[in-house]
Amino acid sequence: MSNNIIVERERSLVELERRIAELREASAAQPLDMSSEIAALEQKYQQILHELFGTLSPWEKVHMARHPNRPTSLDYISRFDRFDELHGDRHFRDDPSIVGGFGTLRSRNVMVLGQQRGRDTKENLRRNFGMPAPEGYRKATRLARLASRLRLPIVTFVDTKGADPGISSEEHAQSEAIAICLQAFTMATVPIVATIVGEGGSGGALALAIADFVIMLEHSTYSVASPEGCAAILWSDASKAEEAAAHLKLTADDLQRFGIVDQILPEPLGGAHRNARDVVTQTLGAVDAALARLASLTPEMLLDQRYRKYRRLGEWQAEGLEPVRTAR
Amino acid sequence: MPRPDWLPARRTKENHVSDEALWSKCPKCGEVLYRRDLAANLFVCTRCGYHFRMRAYDRIASIADGEFTELGADVLPGDPLDWSDRKSYPAKLKTDRERSGLSESVVCGFASVGGHRVGLGVMDFHFRGGTMGQVTGERITLLFEAARRERIPCVIFAASGGARMEEGMLALMQLAKTTAAVSRFMADGNFYLVVLTDPTSGGVSASFAFQADVIVAESKAMIGFAGRRVIEQTIRQRLPDQFQTAEFLLEKGAIDMVVERSDLKDTLVRLLEYADHE
């Protein structure tokens, strides 16, 4: 049993795929004509595929974003022309849940950063399930500042449940590490392009997502808190996560409507992992195009544009119902 | 502490509704305290020194010299996510408004502190647990923008459970918005001082609170990124009582000083003098 509902659903497909293959084999070996049975099964297969994945609820997207086979940051970074990883926060240790370093994307030198979860238990333990410690955010801060000095655009991949909530993270001032990372991205004098490739969990995700252009995969999620965390906070009951997911407006469509996400990249039916190669190619193409559009902006223009972008976010309503904007 | 004349009268009236109780029991030592004595002692238990969570306008009265011009009071919350669980979000806001006498979780404005004109922002845990919604972020941002134009220091009293769930990602984006305003303010050479009060956590501690030049914390305040309960559930063990207290953070090097409430105003005035270029 997997606790991922998408993985569970895929089991029923695996069984059908096996039966279709068996029937095909049997059909080839025997004189009996089973083409109608095969066609029926295949039709059923397509039908189930659409039923399972044609439209996904917010809760289903949460599981899609967490799918163990979903492409992770390193799946994207490994398809750069070059990547030279840089390590450590220069104070305490290297945090493997954030990877970063120099890279070349389609002939353009960049600084690349991403939260990195593991595919299996062993790697997940090493990478703390993609939940960065303060050391990770301090590394990101260091590299973001270096990028500004060397005039390298910053490319990030966001994929984390959230920043690590642990004893050592508190002792090493997780709040400060994230707060200063947010500042480093805010003040970076080079273009920043962020892509939400999996789960975007709270401030721990935002620390790598302040950007001039934000891309989001169709089934990725990006939320103020994980649905489990939200349910625990509001109703002291993490099992009401599905209900929280429905409220939180955490899908790519919702976030584009709010102006938080600039571009949504479609995924194959059934999710990015069903055709990871194409998804990565398409994503890197979109990142490259965004960098090309931002390349002509001066540092002053970038800072000004970025300030105005975040300044606008968060409309409110006055006592009545008319939306009001601030008088500056 | 009697509420001074210079604070808006309607606040005093609103406050009366919730503050009418004559007696308060100290949650730490159990002492029953006459409300007026407690107020006169800056809401610190006269027996054991426990610091009660202060209301925003009481705090302003305890820090400002005698004038406070509120900023952004007309910026009021909406319901961007159409959130409704057992109760609709606007209904929750209405209840909190009535209980706290506040229109949002932060009160911002201009004040004089020991003769120094400052931008002053005070968060109040009694309104939605001090959570940061769009209006919280907007008021903080307006304050830093105005203080930057005036080239005066900013003093923020933080008290927050983090970003507000019912405003979803628009609440999270306030971390980015306030960070942008604080960063510009600081880059221009202005002084930013924060006082962390009980409790400060989540999206507020991980954004403008810990970006300050000088970080002061009230004695015994609980301060952290993750909530205590979350950490205990994650590591499946009980945390020591000292964990995440102001004193703990001082020892770990995360903050500059721990101050008793009775010394707070004098401390702030002394610190502000170092940034006074006039």
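Readers should treat all values here as calculations from the given coordinates under stated rules, not as data from a laboratory. Computed from a predicted structure; not experimentally measured. Cβ: placed from backbone, ideal geometry, glycine included. Neighbour counts: every protein chain shown.
Each peptide in A:198-205, A:20-27 gets a packing score, the mean of other Cβ atoms within 10 Å over its residues, and the list from highest to lowest is A:198-205, A:20-27. Each of A:Ser168 and B:Asp213 was given a label point 7 Å from its Cα along the Cα-to-Cβ line. The distance between the two points is 3.5 nm.
Each peptide in B:202-213, B:55-66 receives the mean, over its residues, of other Cβ atoms within 10 Å, and ordering these scores from highest gives B:202-213, B:55-66.
For the pair A:Glu51 and B:Ser88, what calculated FRET efficiency results from E = 1/(1 + (r/R0)^6), where r is the Cβ-Cβ distance and R0 = 25 Å, to the nearest 0.05? Computed FRET efficiency for B:Ser88 and A:Glu51 comes out at 0.15. Peptide A:180-186 has a mean of 6 when you count, residue by residue, the C-beta atoms of other protein chains within 10 Å of its C-beta.
Cys residues of chain B that find no other Cys beta carbon under 4.7 Å: B:Cys108, B:Cys154. Of the residues B:Thr136, B:Thr178, B:Thr267, the one that moves most in a GNM of chain B with alpha-carbon contacts below 10 Å is B:Thr267. For the protein assembly as shown, adding -39500 (n - 2.57) for each run of n ≥ 4 DSSP H residues and dividing by the number of residues yields -13500 deg cm²/dmol at 222 nm. Note that the stretch B:265-274 has calculated 3J(HN,Hα) couplings of 4, 4, 4, 4, 4, 4, 5, 5, 4, 5 Hz, one per residue in order, obtained from phi through the Karplus relation 6.51 cos²θ - 1.76 cosθ + 1.60 (θ = phi - 60°); glycine and proline are x. Each peptide in A:118-128, A:165-175, A:268-278 gets a packing score, the mean of other Cβ atoms within 10 Å over its residues, and the list from highest to lowest is A:165-175, A:268-278, A:118-128. Counting Cβ atoms of other protein chains within 10 Å of each residue's Cβ and taking the mean over peptide B:199-211 gives 6. The overall shape of the stretch A:5-54 is oblate: from the C-alpha gyration tensor, with semi-axes ordered a ≥ b ≥ c, the ratio a/c is 1.5 or greater and a/b is no larger than b/c.
Under a Gaussian network description of chain B, with springs only between Cα atoms under 10 Å, the residue in B:Lys220, B:Lys25, B:Lys177 that fluctuates furthest is B:Lys25. Averaged over peptide B:176-189, the number of partner chain Cβ atoms lying within 10 Å of each residue's Cβ comes to 6. Each residue of the stretch A:307-313 was assigned a 3J(HN,Hα) from its phi angle through the Karplus curve 6.51 cos²θ - 1.76 cosθ + 1.60 (θ = phi - 60°); the sequence is 4, 5, 4, 6, 4, 6, 5 Hz, with glycine and proline shown as x.
For the protein assembly as shown, the fraction of alpha-carbon pairs lying more than 44 Å apart is 22 percent, rounded to a whole number.
Between A:Gly118 and A:Asn124, A:Phe129, A:Gly130, the built amide H atoms are under 5 Å apart, and every one of these is 5 or more places off in sequence or on another chain. Distance distribution P(r), chain A, all Cα-Cα pairs, bin width 10 angstrom from 0: 6, 24, 31, 22, 11, 5, 2, 0, 0 percent. Which entries in the list A:Lys161/B:Lys87; A:Lys61/B:Lys220; A:Lys139/B:Lys252 go over 31 Å, if you measure between the two C-alpha atoms of each? Result: A:Lys61/B:Lys220 exceed 31 Å. One decimal place: the segment B:Asp65-B:Asp276 gains 74.3 nm when fully extended, by the rule 0.36 nm per residue minus the C-alpha distance.
Shown in residue order for the stretch B:171-185 are the 3J(HN,Hα) couplings computed by the Karplus curve 6.51 cos²θ - 1.76 cosθ + 1.60 at θ = phi - 60°: 6, 4, 5, 5, 4, 5, 5, 5, 4, 4, 5, 5, 4, 4, 4 Hz (x for Gly and Pro). Of all DSSP beta bridges located in the protein assembly as shown, what percent are antiparallel, nearest 5? Counting only bridges with both partners in the protein assembly as shown, antiparallel ones make up about 45 percent.
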